[in-house]
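Reading through the structure tokens given below for one structure.
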Amino acid sequence: MDVRGQMMDLPIKLVMALLVGMLCLGVLTKFIGTAQRSIISDMRVSLSVQSHSSSSRRVVVEVYDATSRAALNGPTIEISYPGGGEALTPAGNRASFIVPVGVIVTVRVTYPNYLPWEGQIAVR
């Protein structure tokens with residue numbers, strides 16, 4: 001019996017070591033996933049409508065970092081509305097588009113390492 005117990009002792013320790021290793025690996029994987037998510041930031045987008053003519057308006061889009069309020073230069077801004085649409089990548093953080101009166105404009109903004117943003121504005 002004594003010999004048999006000693007032979008069984010090694011596999012039990014091995015199984016326990018593997019279980020502890022798997023638990024540690026799971027915890028590390030959770031931390032790595034959190035670190036990767038924290039790299040992606042959030043942006044703040046400001047939409048406004050300005051007068052242009054009697055049949056059209058100017059939609060102005062400004063893009064900032066949500067945390068620091070710093071301007072995000074070079075975002076890709078796409079607008080769409082019934083009957084048209086346009087996409088632009090300005091050198092600065094601001095872009096303006098001429099749209100007809102009486103439409104709802106959908107605005108999509110993307111920027112590297114930031115969550116994409118989408119919103120709508122009514123043009124009257």
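None of the figures in this text is laboratory data; all of them are computed from the coordinates on show. Quick caveat, the model's predicted, so the values are computed rather than measured. Don't worry about glycine lacking a Cβ; one is built from the backbone with ideal geometry, like all the others, and counts go over all protein chains shown.
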task = Among Ser54, Ser41, rank each residue by its count of other Cβ atoms within 10 Å, from fewest to most, as a rough exposure measure.
result = Ser54, Ser41
query = Whose amide H sits under 5 Å from the amide H of Ala66, counting only residues 5 or more places off or on another chain, with H placed in the peptide plane?
reply = Asp42, Met43, Arg44
query = Angle between the Cα long axis of helix 2-39 and the longest principal axis of the chain, 0 to 90 degrees, nearest 10?
reply = 10 degrees
key: Under-5 Å amide H pairs with Ser56, H placed in peptide plane, nonlocal only   = Val101
message = Given the -39500 (n - 2.57) contribution per DSSP H run of 4+ residues, what per-residue ellipticity at 222 nm results for the chain, rounded to the nearest 500 deg cm²/dmol?
response = -11500 deg cm²/dmol
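May I ask you to sort Ile12, Ile98, Ile121, Ile77 by Cβ crowding, counting other Cβ atoms within 10 Å and putting the fewest first? It would help to have the intermediate numbers written out before the result.
Details: Ile12 9, Ile98 12, Ile121 19, Ile77 25.
By the 10 Å Cβ count, ascending: Ile12, Ile98, Ile121, Ile77.
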request  = Name the long-range amide H neighbours of Tyr114: under 5 Å, sequence gap of 5 or more, or other chain; modelled H, no Pro or chain starts.
outcome  = Ser41
